[in-house]
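What follows is one structure encoded as structure tokens, with my remarks underneath.
No lab work stands behind these numbers, since they all come straight from the coordinates. Predicted model, so just to flag it, every value in this text is computed and none were measured. Note that we place each Cβ from the backbone using ideal geometry, even for glycine, and neighbour counts take in every protein chain shown.
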Amino acid sequence: MINLTINGKAISVPEGTTILEAARKAGINIPTLCYLKDINSIGACRVCVVEVKGARNLVASCVYPVSEGMEVITNSKRVIESRKTTVELILSDHEKKCLSCIRSQNCELQKLSKELGCDEEHYQGESNNFNLDLSTPYLVRDNNKCILCRRCVAACRDYQSVSVIGANSRGFDTHIGTFFNKDLDAVPCVACGQCINVCPTGALRERDEIDDVMDAINDPKKYVVMVSAPAVRVAIGEEFGYPVGTNTQGKMVAAMKALGADDVFDVNMTADLTIMEEGFEFLNRVKNGGVLPMLTSCSPAWIKFVEHFYPELIPNLSTCKSPQQMFGAVIKTYYAEKKGIDPKDMVVVSVMPCTAKKFEKGRPNQSAAGVPDIDYVLTTRELARMIKREGIMYRELEDKDFDTPLGIGSSAGLIFGTSGGVMEAALRTVREVLENKSFDKLDFKEVRGIEGIKEATYNIAGIDVKVAVASGLSNARKLMDKIKSGEADYHFIEIMSCPGGCVNGGGQPIRTAEERNTMNIPGLRAKAIYDTDKSAKLRKSHENPVVKELYENYFGEPNSHKAHEILHTKYQKREKV
Amino acid sequence: MSKIKLTKVPFSGTAKQEKELRDKLATIKKMDGALMPALQAAQDIYGYLPAEVQQIISEELDISLEEIFGVATFYSQFSLNPKGNIEISICMGTACYVKGSGEVLDKFKEILKIDAGDCTADGKYGLVATRCIGCCGLAPVLTVNDKVYGKVTVSDVEKIIEENS
């Protein structure tokens with residue numbers, strides 16, 4: 001242990017601890033800007049500087065390790081003045097349109113500026129003027145608000161091993177950009193949106209579809225159906241002041257109804273349908289010597305990742321559409337027929353924890369009824385903004401249930417929202433179908449948790465089924481490399497693009513670096529999902545009455561010809577460059 | 001977005017150049033911090049670092065294209081644009097400038113239809129605005145490859161291009 005004092009307070013910490021971490025243990029907060037726990041500690045922004053006795057200059061506490069007898073001062077006049085100057089210099093080349101900025105009141109730069117008492121016009125001079133990158137349907141890149149902290153660069157490179165953005169040029173000209181500054185749609189960006197979630201300012205944000213959705217709701221000729229994904233209900237409450245990890249499903253449904261949707265359904269239902277289709281696809285592959293391991297296909301950024309970086313593994317991907325796309329397809333075929341509405345007059349809005357879903361809806365082979373399965377995708381954040389804009393008092397709403405007939409989902413569908421959930425839901429069903437009996441113990445705990453890669457072997461009907469679960473694309477890459485080299489002999493692999501799964505998706509409420517330091521945000525949201533699952537009555541996909549009705553009266557059986565036409569899709573090789 | 005000036009000259013690398021680069025990279029990639037020497041080797045071979053060459057480096061070193069581009073645009077020793085076979089460098093030092101080298105440069109730009117720092121689409125002429133080259137007595141001065149022209153006027157420009165065609 002190393003002994004030191006911080007602001008006169010004695011503390012012992014393990015060797016290798018940084019001053020920043022040591023200070024937090026001593027109950028002293030040092031402000032940071034470029035630092036993000038576990039992902040970015042480069043000492044670039046100089047906001048976290050402190051005085052160390054004997055050192056000539058102030059040191060960056062996020063990268064400076066403690067040493068025996070060290071005396072640290074975190075709040076001297078010199079330190080505070082230095083931080084203030086640093087932030088004022090950053091502000092001198094920052095587009096200060098704070099009033100209309102999407103991150104206003106949730107901006108780490110704004111908060112620092114206020115806390116340090118900065119004058120945003122102290123330094124005036126030349127400022128950069130960048131065009132927005134609006135080339136993709138999911139993301140806006142606005143370098144005028146970028147402060148060059150490089151958190152997005154670290155997320156893209158280290159979480160996701162995609163590495164399509166980085167710092168280009170030098171000095172005042174430095175900017176975050178792509179290879180040869182191409183538009184984002186011309187490089188292998190996978191649309192995961194993790195860069196948005198780590199951005200301290202408004203430089204990265206989703207492409208907003210709120211106005212389009214309101215236009216559809218206000219159009220009396222349109223029948224608007226809203227559906228929401230499993231992970232949205234355990235996160236949207238955060239936008240209205242609920243603690244991280246609160247399931248506010250009832251209020252969320254009530255809010256969507258208050259917004260004016262004709263029907264509000266639960267994507268848990270098509271998660272169940274996915275289990276039937278994907279489960280039977282897996283059984284077919286095992287029985288008929290099909291391509292193994294089978295890879296899940298729910299996560300659209302993962303699909304795009306395979307298409308760019310592992311096209312030779314496309315045959316391993318399940319051909320199942322994602323639950324979002326399946327829902328749109330079921331609404332515009334089965335439900336449209338049942339209601340006698342022309343699918344062209346239907347508008348399906350899905351609310352997703354995800355930015356890649358905005359890309360997915362425009363993919364080819366996603367139009368079961370001849371019109372796109374999904375019309376608009378709102379992120380969790382957009383739904384929250386829309387609710388606020390429309391004056392709906394979320395916390396005061398009385399809880400409501402999803403509508404019938406498509407609003408029933410099992411909690412096996414619900415756990416899709418967290419890493420390991422698809423695997424567990426599939427195992428619950430596959431085991432009962434193959435062994436032809438009902439089990440009481442439904443937990444497959446080995447595949448749960450926020451570790452990057454999880455492996456397990458289950459004996460099902462006398463066969464040892466080897467499974468793996470990965471979240472975060474750098475972990476997925478490790479697994480794919482093992483498959484390619486022949487080192488791995490799994491049967492079934494679940495991949496979610498975002499670390500921890502959809503609970504930590506690129507469309508979820510943004511939590512600041514300070515909050516990420518002290519809380520396990522994906523873990524808390526996942527806990528809310530598993531808590532709900534534990535007490536749920538319907539915990540198996542194949543027992544969902546809606547799913548049963550769909551097979552009895554519409555699709556016939558899983559993987560039938562009709563199911564293939566409506567619920568399955570194709571993939572394409574994409575360029576790596 | 002970009003403040004990075006990019007050439008319109010099409011890439012004309014040969015199979016021989018590619019082999020030379022890949023051979024060199026086979027050794028370089030075993031080193032720690034291989035990217036800088038890799039970029040230097042590539043620039044030695046091609047004279048500049050076009051996208052196609054950065055792609056070869058990316059494949060061989062297993063480093064993402066953006067990371068390579070970031071380094072290539074950070075250091076002024078690396079160029080994204082080719083040099084012309086005939087490099088015309090006009091001195092923009094104080095003495096030359098007050099004696100009218102700015103107008104001389106403008107005339108070259110007008111005739112060759114390129115900016116300073118560019119080269120013509122056929123790769124023949126390159127135009128550079130240089131810092132003081134140390135012979136202010138000849139101001140305004142320019143060099144064409146190794147040949148020096150002194151006391152140049154706007155009306156000499158056409159003749160200089162012709163002489164070096």
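Tell me, which longest segment in chain B has none of the trypsin sites (Lys or Arg not before Pro) that fall in DSSP loops with at most 16 further Cβ atoms within 10 Å?
So the longest stretch without any such site is B:31-82.
So which of A:Lys441/A:Lys482; A:Lys338/A:Lys570; A:Lys321/A:Lys573; A:Lys344/A:Lys388; A:Lys304/B:Lys30 end up more than 24 Å apart by C-alpha?
Distance filter (> 24 Å) returns A:Lys441/A:Lys482; A:Lys338/A:Lys570; A:Lys344/A:Lys388; A:Lys304/B:Lys30.
Could you work out how far helix A:77-92 tilts from the main Cα principal axis of chain A, as a 0 to 90 degree angle to the nearest 10?
Roughly 60 degrees, rounded to the nearest 10.
Helix A:473-484 sits at what angle to the longest principal axis of chain A, using alpha carbons and giving 0 to 90 degrees rounded to 10?
60 degrees
Give the peptides A:186-194, A:512-520 in descending order of average Cβ contacts within 10 Å, highest first.
A:186-194, A:512-520
Angle between the Cα long axis of helix A:380-389 and the longest principal axis of chain A, 0 to 90 degrees, nearest 10?
Long axis of A:380-389 versus the principal axis of chain A: about 80 degrees.
Note down the relative contact order for segment B:1-89 as a percent, whole number, built from C-alpha pairs under 8 angstrom at least six residues apart.
Reported as a whole number, the value is 31 percent.
Are there any trypsin sites (Lys or Arg not before Pro) in segment A:119-180 that are in a DSSP loop and have at most 14 other Cβ atoms within 10 Å? List them by number.
Listed in order of number, the matching sites are A:Arg170.
List the lysines whose Cα sits under 29 Å from the Cα of A:Lys25, skipping any in the same chain fewer than 8 residues away.
Leaving aside lysines fewer than 8 places away in the same chain, those within reach of A:Lys25 are A:Lys9, A:Lys37, A:Lys53, A:Lys77, A:Lys84, A:Lys111, A:Lys114, A:Lys527.
List the relative contact order of segment A:2-75 as a percent without decimals, with contacts defined as Cα pairs under 8 Å and 6+ residues apart.
42 percent
Which of the peptides A:205-211, A:215-221, A:87-93 is most tightly packed, and how do the rest follow, going by the mean number of other Cβ atoms within 10 Å of each residue?
Peptide ranking by packing, descending: A:87-93, A:205-211, A:215-221.
To check you understand DSSP bridge types, tell me what percent of the beta bridges within chain A (both residues inside) are antiparallel, rounded to 5.
Beta bridges within chain A, antiparallel portion: roughly 50 percent.
Applying a 10 Å radius around every beta-carbon, put A:379-389, A:100-110 in order of their mean neighbour count, most first.
Ranked by mean Cβ neighbours within 10 Å, highest first: A:379-389, A:100-110.
Just add up the charged neighbours of A:His308: K/R +1, D/E -1, any other residue whose Cβ is under 11 Å from the Cβ of A:His308.
+2
Can you give the longest run of chain B that contains no chymotrypsin sites (Phe, Trp or Tyr not before Pro) sitting in a DSSP loop with at most 13 other Cβ atoms inside 10 Å?
Counting only loop sites that pass the neighbour cut-off, the longest clear stretch is B:76-165.
List the lysines whose alpha-carbon lies under 21 Å from that of B:Lys113, not counting same-chain residues fewer than 8 positions away?
The reachable lysines, counting only those whose Cα sits under 21 Å from B:Lys113, are B:Lys3, B:Lys5, B:Lys8, B:Lys83, B:Lys124, B:Lys159.
Let me know the mean shielding of A:162-172 by other chains, meaning the per-residue number of their Cβ atoms within 10 Å of its Cβ.
Mean number of neighbouring Cβ atoms from other chains: 5.
What is the mean number of Cβ atoms from other protein chains located within 10 Å of the Cβ atom of each residue in peptide B:55-64, rounded to a whole number?
2
Report ³J(HN,Hα) in whole Hz for each residue of segment A:167-177, in order, from the Karplus equation J = 6.51 cos²θ - 1.76 cosθ + 1.60 where θ = phi - 60°; Gly and Pro get x.
8, 10, 6, 8, x, 4, 7, 4, 8, 7, x
Give me the base-10 log of I(q)/I(0) for the protein assembly as shown at each q in 0.05, 0.12 Å⁻¹, Debye formula, one uniform scatterer per Cα, rounded to two decimals.
-0.32, -1.34
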